[in-house]
Amino acid sequence: MADWRREVERGRELCAGRSLDDIGRIVGGPMAGLEVSLRWILVHLIEEYARHNGHADIVRERIDGVTGA
């Protein structure tokens, strides 16, 4: 949790004072060189969190047998 909290704080520092429409360039990986807005980055992060939370929910359901909300 401490690692995650540090990453969240660093993300907040990087976003502070910036507009959602500010543009940056992806540095590495298969999308290297692509220009994206801060808005695009934050939406992508929300999508990734949702995906991983869904995976964690599947694991939890397998452990406790309870499905749904």
Cβ-Cβ distance below 6 Å, separation of 6 or more or different chains: which pairs start in region 4-26 with a residue that is within 12 Å of Leu38 (Cα to Cα) and end on one that is surrounded by 10 or more Cβ atoms within 10 Å (Cβ to Cβ)?
Arg18/Leu38; Leu20/Leu38; Leu20/Arg39; Asp21/Ser37; Asp22/Leu38; Ile23/Ser37; Ile26/Leu34
I'd like to verify a number: residues in region 26-39 that are over 14 Å from the mean Cα position of the chain (by Cα) and open to solvent by 70 Å² or more (accessible area, probe 1.4 Å), how many?
5
Against the definition (part of a loop (DSSP other than H, G, I, E, B), open to solvent by 80 Å² or more (accessible area, probe 1.4 Å) and without any contact (Cβ under 8 Å) to a residue 40 or more places away in the chain), how does Arg51 come out, yes or no?
no
Of the conditions (1) open to solvent by less than 80 Å² (accessible area, probe 1.4 Å); (2) β-branched (Val, Ile, Thr); (3) in contact with a Ser or Thr (Cβ under 9 Å, 6 or more places away or on another chain), Ile23 satisfies every one except a single condition; which number is it?
(1)
Within region 54-69, count every residue that is part of a helix (DSSP H, G or I) and of a type outside the set (D, E, K, R).
6
Can you confirm whether region 40-63 contains a residue that is of a type outside the set (Ser, Thr, Tyr), more than 15 Å from the chain's Cα centre (by Cα) and at positive phi?
no
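The values are calculated or read from the model by the stated rules, or taken from the named source; none is laboratory data. Nothing here was measured: the structure is a model prediction, and the numbers come from that model. For neighbour counting, all protein chains shown are included, and Cβ atoms are generated from backbone atoms with ideal geometry for every residue, glycine included. Just so you know, the surface numbers come from the protein's heavy atoms only, side chains and all, with ligands and any DNA or RNA stripped out. Shrake-Rupley method; radii C 1.70, N 1.55, O 1.52, S 1.80 Å.
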